[in-house]
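Worksheet for the structure shown next.
A short reminder: the numbers here are calculations on the coordinates, not readings from a lab. Every value quoted in this text rests on a predicted model; they were computed, and no experiment measured them. Methodologically, a virtual Cβ is constructed for each residue, glycine included, from the backbone with ideal geometry; neighbour enumeration extends over all protein chains shown.
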Amino acid sequence: MTTVERAEQNASDQDATVVLSSGQSDIESPLSVMETVAADNESFNETFVESDTNGDGVPDTNLEQVYDALYETNPQAASSVVYRNDGEYEALRVSVSTKGGASGNEVTEQMRTVAGTFEGSNNLRAIATGQPIVFKQVQDQLLETVVKSLLITLVVTFVFLMFVYRFLHGSALLGFVTLLPVGFSVAWILGTMYVLSIPFNMITGLITSLTVGLGIAYSIHLSERYSLELQEGASAWQALQTAVTGTGGALLGSAATTVGGFGVLAFAILPPLRQFGIITGLTIIYAFFASVFVLPSLLVVWTRWFGPRGSIRSRPSSFKFGDETPSTDDD
């Protein structure tokens, strides 16, 4: 029972533990229940005092007799902290109320510290549990699943799109180039979450999948239009101009309306919902930027080394998107 007292003191020292108006921590343990019952019952109080050989207020001998007396005096209170099976006492329960604003990580770490008080004491073993801790474990497992799913999605999508582009355009590398900006947008959103101190959890982890989905869609639209223009005989610069100003304009309208829809959640009262709105809006913006600013440069590099012959023609320094007659002199 001395170990239980140390655990109570350890729990009282934790920041996540609720402190009552009386100044005492909200903790229920076999010792606290015994003290309460002893204050109301003289017979149990005698048993309680007799088991305390050193006068520190904590029973240290004949604990089984104390448990028996506790069950006889107040079975309901006793069963809430001492588990008895066929007359054998098998487990004790220490309940610590935690603050509602404490994070799952904070509660889990601190309660495991409290449970560690029992380790090495007369072969005792303690397990920290409870709703916040269970939720934390579930979230960690779900997050691990989300991360694995994201990696699998990226790999499968890269392989699939490279196969499709090899079949349709004769270049698997074009499929790889088309998906490369998606990796940039994922990196950008993760970096933004770090800067804004937004945790990578189950909810925000799912947003990275949204980044992949939108980024692929935007990139495929632009890449397909670019490839189509090349097939019709346009130079790389002309094809790029048509793809970015035409398809890119349509993507801008689509991205703007989608950002507006999700962006409203940024004004939500609930922090998780607000974070979801902010990250989702930024995700769509990054996916759009990657497709219209990063992808065109990659497409030109691909065209220079692997594209149709003659597609790359010198571009005067004065050429701007919108010019109708860029130079046609071959390099």
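So, with +1 on the Cβ of K and R and -1 on the Cβ of D and E, and no other charges, what is the size of the charge dipole of the chain about its Cα centre, to the nearest 20 debye?
Rounded to the nearest 20 debye, it is 3000 debye.
Taking the Cα centre of the stretch 2-131 as origin, work out the dipole magnitude from +1 charges on Lys and Arg Cβ and -1 charges on Asp and Glu Cβ, in debye rounded to 20.
580
Need the full-extension length gain, E50 to L151, defined as separation in residues times 0.36 nm minus the C-alpha distance. One decimal, nm.
30.0 nm
Hey, what angle do you get for helix 2-12 against the long axis of the chain, alpha-carbon based, 0 to 90 degrees rounded to 10?
With both axes taken from Cα atoms, the answer is about 40 degrees.
With springs connecting C-alpha atoms under 10 Å apart, model the chain as a Gaussian network and identify which of Y165, Y67, Y218 has the largest mean-square fluctuation.
Among Y165, Y67, Y218, the largest GNM mean-square fluctuation belongs to Y67.
In degrees between 0 and 90, to the nearest 10, how far off the longest principal axis of the chain does helix 248-263 point, with axes built from Cα atoms?
20
Most fluctuating residue of Q241, Q139, Q24 in a GNM of the chain with Cα springs under 10 Å: which is it?
Comparing Q241, Q139, Q24 in a Gaussian network model of the chain, the most mobile one is Q24.
Which value, to two decimals, describes the C-alpha radius of gyration of the chain once divided by 2.2 N^0.38 Å? Don't jump to the answer; show the numbers that get you there.
Values: Rg = 33.0 Å, N = 331, 2.2 N^0.38 = 20.0 Å.
For the chain, the normalised Cα radius of gyration is 1.65.
Under a crude label model (7 Å from the Cα following the beta-carbon direction), how far is E232 from F176 in nanometres?
Here the answer is 3.0 nm between the modelled labels.
Between A217, A255, A126, which gets the highest mean-square fluctuation from a Gaussian network model of the chain, Cα cutoff 10 Å?
Result: A126 has the largest fluctuation of those listed.
Determine how many Å³ per residue the convex hull of the Cα atoms of the stretch 2-131 encloses. Please report the intermediate quantities before stating the final value.
Values: hull volume 15.9 nm³, N = 130.
With only Cα atoms used, the stretch 2-131 gives 122 Å³ per residue.
How much mean residue ellipticity at 222 nm does the chain get from its helices, if each DSSP H run of length 4 or more adds -39500 (n - 2.57) and you divide by all residues, to the nearest 500 deg cm²/dmol?
That comes out to -20500 deg cm²/dmol.
Would you work out which of S80, L124, Q110 lies farthest towards the positive end of the dipole of the stretch 2-131, given +1 charges on the beta-carbon of Lys and Arg and -1 on that of Asp and Glu, about the Cα centre?
The residue sitting most towards the positive pole is Q110.
Relative to the compact-globule scaling 2.2 N^0.38 Å, provide the ratio for the alpha-carbon radius of gyration of the stretch 137-306. Intermediate values should be presented prior to the final figure.
Details: Rg = 17.2 Å, N = 170, 2.2 N^0.38 = 15.5 Å.
Its radius of gyration relative to the 2.2 N^0.38 Å reference: 1.11.
Quick one: angle between helix 104-115 and the longest Cα principal axis of the chain, in degrees between 0 and 90, rounded to 10, please.
30
Take the Cβ-Cβ distance between F306 and A266 as r, set R0 to 51 Å, and report the resulting FRET efficiency rounded to the nearest 0.05. Could you put the intermediate results ahead of the total?
Values: r = 42 Å, r/R0 = 0.83.
Result of the calculation: an efficiency of 0.75.
Can you give the Rg to Rh ratio for the stretch 50-99, taking only C-alpha atoms and Rh from Kirkwood?
We get a ratio of 1.02 for the stretch 50-99.
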